[in-house]
Amino acid sequence: MRYLLTSSQITGLCYAVDLRGKVLFQGGFGLADLTTREPITPATRFELASTSKQFTAALILILAQERRLRLTASIRTYLPDLPKVYEPVSVADLLHHTSGIREYFDAFRARGEEQSKSHSREEVLAFIKAQRGLDGPPGHRFSYVNTNYFLLAEIVERLIRKPFPDGARELLFIPAGMKETRATLDTTSLLAGDAHGYQVTKDGKFAEAVWAWQGYGDRGVRTTVGDLAVWHGASLAATTGGQALEVARLANGKLRSGRPVDYAGGLFVDDRQSERVVSHSGLVVGNRAMDVMFPDSGLGISVMCNRDDISPAERARKIALLVKPGAPDSAFDRAIDPAEMKRLGRIGDLRSAPDGYYRDPLYGQYLIVDHRGGERIVSYNMRAEKVTRRQTASTARAGVFC
């Protein structure tokens, strides 16, 4: 086992490269806790934020395998207390972000509330139940919405009749051998060995991040890079949930028209490269993560950090270039400066942008412009929008979880 990087920088990140679950390289730099000066090591646990979604998806697919739910069934079959407006929404719509349901975080932010204000799961559920309409008909378009996975966790709890964290531990983490992984209710529930999250202030100092929202399903899993490697191995070997789970987990979702979307079971799918890539990033105040897997070759890369000014996505990409033979397609690396990204971030302006990949060097996120079904579609920070819908750059980046 080799270490690629070491440093004593303040706060930092941790990474691992594995081949079918066997760690090839791992390391970390910086401090997990500025107060105790505890260093970041491969044993440090980080908040995965939206990278947690793949575990929620796996639980849903296991329940479907056991015939305890049907993916094609209305979500009201399992959540009958939801209003009738949700009747056309299927479990699969939640799984693949094709539900048309509104983003709960956007609604709370629209009230002008600060990120540090506490919100309970009950408050979020009350918001969902108060809705009298959807953003669009289910199954007609992809739109990345955290509410989908919040509701999937609710379904899991109703069916297994125990808290989501207990179900995740018993059905996924323990069978897979992920001894350092747990689902938590909020990011303030820290244990010894957990990394504290930090924000960089305007004067360049570090302040401990305050994020008091309660919730899981769309986020909430805390783990180590080593345990993510174990998960990669268990997934590819089909030792957790069986082969049927792994096939379903990596299968692209579809719209009602039959057209596939670039999202599988809690993972984004990129078929544009020489080898298929599945991945998911995560971002919550003070914590960022990126998990990447190449299913055909078995290579896995995970990067997690406890500061807001590092892009795990960009670090994971650079690691991939170091350890994987061959380079990504040239179109994948069309870097543009922040000023240009801001201009292109206005969806209406993208009518003039050529098809291809664009990379925001500040955030490490990718913007994709292409034609689908005769329409120009823009995927930015994991939200796909038609270019006829105008949207400012600040709105496009507004989601806290990505």
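The values are calculated or read from the model by the stated rules, or taken from the named source; none is laboratory data. If you're wondering where the values come from, they're calculated on a predicted model, not measured in any experiment. Glycine also receives a Cβ, built like all others from the backbone with ideal geometry; neighbour counts cover every protein chain displayed. Accessible surface areas use protein heavy atoms only, side chains included; no ligands, DNA or RNA. Shrake-Rupley method; radii C 1.70, N 1.55, O 1.52, S 1.80 Å.
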For the range 232-278 the number of residues that are open to solvent by 10 Å² or more (accessible area, probe 1.4 Å), at positive phi and assigned to a loop (DSSP other than H, G, I, E, B) is 3
Checked against (1) in contact with a helix residue (DSSP H, G or I) (Cβ under 7 Å, 6 or more places away or on another chain); (2) part of a helix (DSSP H, G or I); (3) surrounded by 24 or more Cβ atoms within 10 Å (Cβ to Cβ), S281 satisfies every condition except (2)
Filtering the range 29-50 for residues that are among the hydroxyl-bearing types (S, T, Y) and either open to solvent by 40 Å² or more (accessible area, probe 1.4 Å) or part of a strand (DSSP E or B) (or both) leaves a count of 3
Scanning the range 292-307 for residues that are crowded, with 24+ Cβ neighbours inside 10 Å and either touching a Gly at 6+ places or on another chain (Cβ under 8 Å) or modelled with pLDDT under 80 (or both) gives V292, M293, G300, C305, N306
Expected single match for surrounded by fewer than 20 Cβ atoms within 10 Å (Cβ to Cβ) and in contact (Cβ under 8 Å) with a residue 60 or more places away in the chain among I310, I319 is I310
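Here's the yes/no breakdown for (1) in contact with a Leu (Cβ under 8 Å, 6 or more places away or on another chain); (2) in the same structural domain as N148 (by the TED database); (3) at pLDDT below 95:
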| residue | (1), (2), (3) |
| --- | --- |
| S8 | no, yes, yes |
| T11 | yes, yes, yes |
| I60 | yes, yes, no |
| T72 | no, yes, no |
| H97 | no, yes, yes |
Next item on the list: For L94, indicate whether it is open to solvent by 10 Å² or more (accessible area, probe 1.4 Å), aliphatic (A, V, I, L, M) and touching a helix residue (DSSP H, G or I) at 6+ places or on another chain (Cβ under 6 Å).
Entry: no
The range 136-231: strands (runs of 3 or more DSSP E) wholly inside it with 3 or more residues that are open to solvent by 30 Å² or more (accessible area, probe 1.4 Å) are 206-208
Within the range 263-307, residues being out of contact with any Asp or Glu (no Cβ under 8 Å at 6 or more places or on another chain) and among the aromatic types (F, W, Y) number 1
Residue pairs within 7 Å by beta carbon, gap of at least six or interchain, first lying in the range 157-169 and closer than 14 Å to I60 by Cα, second assigned to a loop (DSSP other than H, G, I, E, B) and open to solvent by less than 40 Å² (accessible area, probe 1.4 Å), listed first then second, are R158/Y78; R158/L79; L159/L69; L159/Y78; F164/Y216; F164/G217; P165/T184; P165/Y216
For the range 51-89, the count of residues that are assigned to a loop (DSSP other than H, G, I, E, B) and either open to solvent by less than 10 Å² (accessible area, probe 1.4 Å) or on the phi < 0 side of the Ramachandran plot (or both) equals 16
